[in-house]
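What follows is a set of notes on a single structure, which appears directly below.
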Amino acid sequence: MNYVLIKTSELTELLPLRCSYQTELDLQLAIQSIGLGSKGSNQTQYLNYGPQLQSPHLEAVIARFLPEIDYASLFMILNHEKLKTCIQSNVLLSHYQIPPTNHVMKTLERSTAWSDSTLNWLLQKKIKPHEISFLNLLSAAECNQLMESMGSSSLSKMDSLKLLETASELLLMKIDISAALNTQPWNEKTVVEIHALRYPKSFTFNPVKQIELKWPKNISTQTKRIQDKMGYQVQFFVSHPEELTQTLSQLEKVVPDWASKLEKLNS
Amino acid sequence: MRPFNFDTIYIDEASRDSDVAHRIQAAFPSDKIQWVDSQFMNDHKGPLSKDQFEWSKRNVLVTPFKGHFFKRCPGASQKTALTCCNYYVLNLGSQCNLNCSYCYLQSYLNTAIMKIYSNIDMAKAELLDMMKSFPKYPYRVGTGEIIDSLSMDELTLYSRQLIPLFKEFPHWTLEFKTKSDRVDQFLDLGPVENVHVSWSINPPVIIDSEEHGTARFEQRLTAARKIVNAGFKLAFHIDPIIYHEGWKENYAFLVDEIVRNFSPTDLKVISLGTLRFQPEQRLMMRERFGMNSLVNQAEMFTSDSGKMRYDWHLRTEMFQFVLNRFKNNNPAWNIFLCMETPETWATTLNKSPMKVDGLENLFRPLPKVKSETSESATAR
Ligand code: SF4
């Protein structure tokens with residue numbers, strides 16, 4: 001039978017708590033908010049948890065107490081000598097929308113070696129462990145090195161994940177990426193360089209990149225990727241119907257030029 | 001019967017009297033077989049790890065299926081993004097004893113063991129019910145959605161149970177989809193026009209590097225020839241087309257071998273599809289097959305359907321290359337694109353799927369099957 005008595009103070013100590021919700025008071029509020037009683041004086045409050053309590057569950061208390069939690073703390077809770085007997089890891093992880101896979105557990109475990117700034121960066125960017133599980137295929141040293149550099153970058157979440165994944169693929173392919181990664185902090189240029197190393201021929205796959213078109217003067221264009229398609233974003237300003245007609249007819253002239261260049265390219 | 005590489009075959013007590021259990025007992029030494037109850041391996045939830053997935057390919061459970069056998073193909077539920085043919089599936093098992101690097105089962109399955117369903121009679125009864133209700137509708141039914149249709153058929157002989165059923169309903173079509181060459185067990189039941197055997201086929205270089213445990217290129221062509229000679233209809237799925245150094249020469253070789261060995265009248269249809277998979281499958285693929293796998297040679301992007309695909313321009317180039325090679329040989333080759341967007345159809349074939357000669361029926365709306373009506377009732 002799983003039954004543990006955990007001092008609330010013990011719980012707060014246990015979560016070293018690189019997160020903001022760490023006071024005993026917060027814990028009390030979390031316990032009360034889900035209707036679980038605690039007993040004893042302030043110094044020795046106990047959180048009674050056992051199967052005789054149908055609800056609520058300790059996982060819910062923790063999730064309420066720590067709505068945001070860093071990877072390392074999560075790992076410590078899941079592996080705490082007392083807590084692990086009464087916490088179901090999949091239930092706790094589901095409170096944080098994290099799938100309970102082996103890879104997630106490995107990522108959490110590895111995170112205990114990461115610095116506070118890296119753990120904070122992950123929290124800030126709202127990166128879930130399964131989103132970086134691809135790093136598990138690297139050695140711990142390679143993984144830690146990438147994560148530590150990442151923690152000091154100012155890249156967006158999307159660019160960060162792209163950079164991490166591409167870099168990890170290159171490392172698995174035993175391609176030397178040190179030159180591209182040396183410039184710190186990592187920025188958009190790093191993303192482009194790493195991408196070029198991974199897909200040196202991606203230029204040749206794309207007619208949009210290979211063809212130069214002559215657009216009418218009052219029209220601005222930008223090549224852009226949206227998901228699996230690369231194309232042109234075309235922008236123009238019109239102030240009356242005739243102007244629109246004129247612009248569209250100018251635009252229409254681009255069509256045969258584009259088609260013939262495309263045909264030449266494919267032949 | 002040629003050998004199978006199973007570690008252990010588990011037979012559910014509830015399947016003890018089934019034909020397939022008897023056949024297995026006759027074919028395998030008793031130390032390979034274990035009897036289990038209906039709860040066996042029932043407690044696994046969630047995605048499989050690499051080791052669990054690999055174990056599930058070497059161990060098989062014979063058990064009755066509880067649910068609807070006959071279902072609509074999952075591609076049909078993505079109709080807004082993809083143009084999908086009217087295709088129904090009859091799942092007679094799950095997981096596959098072959099091992100392709102790109103296999104979508106790696107992100108799809110969450111049962112930790114390969115299964116062969118022993119209650120084929122229930123499947124036949126469900127099918128017969130629909131066939132009798134709608135005998136004149138052109139339903140296409142495949143058995144190879146979450147299991148290879150024929151790689152274990154020498155063991156189950158389910159082909160021999162289904163073929164006579166479809167023979168009675170000529171408007172319905174049965175499709176066995178395979179990468180094996182195990183066809184001898186039902187050849188004597190031909191000719192049957194509305195039973196199609198189709199091979200997913202790729203150039204030898206792809207088969208050798210990505211499709212482990214499957215029949216080699218030549219073996220597939222030889223088996224396909226047997227199918228034509230026995231009076232069944234043949235189809236090829238050039239799917240997934242995989243980008244790799246030298247892809248043009250290799251796909252040219254594949255097309256040339258098909259046109260050298262078969263004529264457009266031998267082949268009901270040739271479908272084309274490019275590599276695609278769910279984003280969460282990447283890790284499993286990398287972990288199981290490494291970065292040298294050819295599936296890693298070109299960049300993949302998330303598409304409207306949520307799957308990772310090659311850049312649209314590259315896909316279109318690949319489709320056009322294969323299509324032109326066939327059409328330059330003979331315009332009569334009947335080709336369609338599998339799970340592609342309407343724009344790709346328009347660019348590659350210059351028309352919408354509804355307008356391609358001979359393919360109109362594949363897209364005609366059909367009455368819902370039982371599993372669809374009960375699912376929508378639940379949703380309501
Ligand atoms: S034959 Fe089909 S089901 Fe079997 S492993 Fe290959 S892709 Fe998957």
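The values are calculated or read from the model by the stated rules, or taken from the named source; none is laboratory data. Just so it is clear, the model here is predicted, and its values are computed rather than measured. FYI the Cβ positions are ideal-geometry reconstructions off the backbone, even for glycines, and counts take in every protein chain you see.
Test residue A:238 against the criterion of being within 20 Å of the chain's Cα centre (by Cα) and loosely packed, with under 14 Cβ neighbours inside 10 Å, and give yes or no. Outline the logic, then answer.
Values: within 20 Å of the chain's Cα centre (by Cα): no; loosely packed, with under 14 Cβ neighbours inside 10 Å: yes.
So residue A:238 does not fit the description; no.
Report, ordered by the first and then the second residue, all pairs with beta carbons closer than 8 Å, sequence separation of six or more or different chains, a first member in region B:43-54 that is free of Cβ contacts under 8 Å to residues at least 12 places away in the same chain, and a second member that is in a loop (DSSP other than H, G, I, E, B).
Listed pairs, sorted by first residue: B:49/A:101.
Go through the residues of region A:176-187 one by one and say whether even a single one is closer than 24 Å to residue B:244 by Cα and either exposed (fewer than 13 other Cβ atoms within 10 Å of the Cβ) or polar (S, T, N, Q) (or both).
Going through region A:176-187, the residues closer than 24 Å to residue B:244 by Cα turn out to be A:176-177.
This time we only want the ones that are either exposed (fewer than 13 other Cβ atoms within 10 Å of the Cβ) or polar (S, T, N, Q) (or both), so: A:176.
Checked region A:176-187: at least one residue is closer than 24 Å to residue B:244 by Cα and either exposed (fewer than 13 other Cβ atoms within 10 Å of the Cβ) or polar (S, T, N, Q) (or both).
Any residue in region A:176-188 that is at pLDDT 90 or above, of a type outside the set (S, T, N, Q) and within 21 Å of residue B:298 (Cα to Cα)?
yes
Consider residue B:336 against the criteria (1) more than 14 Å from chain A (Cβ to nearest Cβ); (2) surrounded by fewer than 21 Cβ atoms within 10 Å (Cβ to Cβ); (3) at pLDDT below 95: it satisfies all of them except one. Which criterion is unmet?
(2)
Picking from B:277, B:217, B:236, which residue would you name as being modelled with pLDDT of 95 or more, within 16 Å of the ligand (Cβ to nearest atom) and within 14 Å of another protein chain (Cβ to nearest Cβ)? If you could, list the steps in order and put the result at the bottom.
On the way: B:217 fails: within 14 Å of another protein chain (Cβ to nearest Cβ); B:236 fails: within 14 Å of another protein chain (Cβ to nearest Cβ).
None of the other options fit; the residue is B:277.
On the basis of being surrounded by fewer than 20 Cβ atoms within 10 Å (Cβ to Cβ), modelled with pLDDT under 95 and on the phi < 0 side of the Ramachandran plot, does residue B:16 make the cut?
Working: surrounded by fewer than 20 Cβ atoms within 10 Å (Cβ to Cβ): yes; modelled with pLDDT under 95: no; on the phi < 0 side of the Ramachandran plot: yes.
Judged against the criteria, residue B:16 is not a match.
Restricting attention to region B:157-184, which residues are outside any helix (DSSP H, G or I), of a type outside the set (D, E, K, R) and farther than 30 Å from residue B:295 by Cα?
Keep residues of region B:157-184 that are outside any helix (DSSP H, G or I), which gives B:157, B:168-183.
From what is left, the residues that are of a type outside the set (D, E, K, R) are B:157, B:169-174, B:176, B:178, B:180, B:183.
Correct list: B:157, B:169, B:170, B:171, B:172, B:173, B:174.
Does region B:166-175 contain at least one residue that is within 16 Å of the ligand (Cβ to nearest atom) and buried (at least 19 other Cβ atoms within 10 Å of the Cβ)?
Of all residues in region B:166-175, those within 16 Å of the ligand (Cβ to nearest atom) come to B:175.
If we keep only those that are buried (at least 19 other Cβ atoms within 10 Å of the Cβ) as well, we get B:175.
Scanning region B:166-175 turns up at least one residue that is within 16 Å of the ligand (Cβ to nearest atom) and buried (at least 19 other Cβ atoms within 10 Å of the Cβ).
So in region B:25-76, with the set limited to residues that are within 14 Å of another protein chain (Cβ to nearest Cβ) and in contact with a helix residue (DSSP H, G or I) (Cβ under 6 Å, 6 or more places away or on another chain), which one is nearest to residue B:212 (Cα to Cα)?
Just the residues of region B:25-76 that are within 14 Å of another protein chain (Cβ to nearest Cβ), to begin with: B:43-55.
From what is left, the residues that are in contact with a helix residue (DSSP H, G or I) (Cβ under 6 Å, 6 or more places away or on another chain) are B:49-50.
On the way: B:49: 19, B:50: 16 Å.
The qualifying residue nearest to residue B:212 (Cα to Cα) is B:50.
When the residues of region A:193-228 are narrowed to those that are at the interface with another protein chain (Cβ under 9 Å from one of its Cβ atoms) and within 26 Å of the chain's Cα centre (by Cα), which ends up modelled with the lowest pLDDT?
Checking each candidate, the answer is A:202.
Of all the residues that make up region B:174-193, how many are of a type in the set (Ser, Thr, Tyr) and touching a residue at least 60 places away in the same chain (Cβ under 8 Å)? Working first, answer last.
Narrowing region B:174-193 to residues of a type in the set (Ser, Thr, Tyr): B:178, B:180.
Remaining after also requiring touching a residue at least 60 places away in the same chain (Cβ under 8 Å): B:180.
Of the residues in that region, 1 qualify.
How many of the residues in region B:186-213 are touching a helix residue (DSSP H, G or I) at 6+ places or on another chain (Cβ under 8 Å), under 14 Å from residue B:268 (Cβ atoms) and away from the ligand (no atom under 16 Å from the Cβ)?
Residues that pass the stated criteria total 4.
Only strands (runs of 3 or more DSSP E) wholly contained in region B:185-304 count here; list those with 2 or more residues that are β-branched (Val, Ile, Thr). So that I can check it myself, show each step before the final result.
Values: elements: B:192-200, B:232-241, B:267-274, B:300-302.
Qualifying strands (runs of 3 or more DSSP E): B:192-200, B:232-241, B:267-274.
If only one of A:120, A:90 is of a type outside the set (D, E, K, R), assigned by TED's automatic domain parsing to the domain that holds residue A:59 and in a helix (DSSP H, G or I), which one is it? Walk me through how you get there before you give the answer.
On the way: A:120 fails: assigned by TED's automatic domain parsing to the domain that holds residue A:59.
After ruling out the rest, the residue left standing is A:90.
Output the residues belonging to region A:75-128 that are among the charged types (D, E, K, R) and touching a residue at least 12 places away in the same chain (Cβ under 8 Å).
Once the filter is applied, which keeps residues that are among the charged types (D, E, K, R) and touching a residue at least 12 places away in the same chain (Cβ under 8 Å), region A:75-128 yields A:82, A:106, A:109, A:110, A:116, A:125, A:126, A:128.
Could you tell me whether any residue of region B:148-161 is more than 16 Å from the ligand (Cβ to nearest atom), of a type in the set (Gly, Ala, Ser) and free of Cβ contacts under 8 Å to residues at least 24 places away in the same chain?
no
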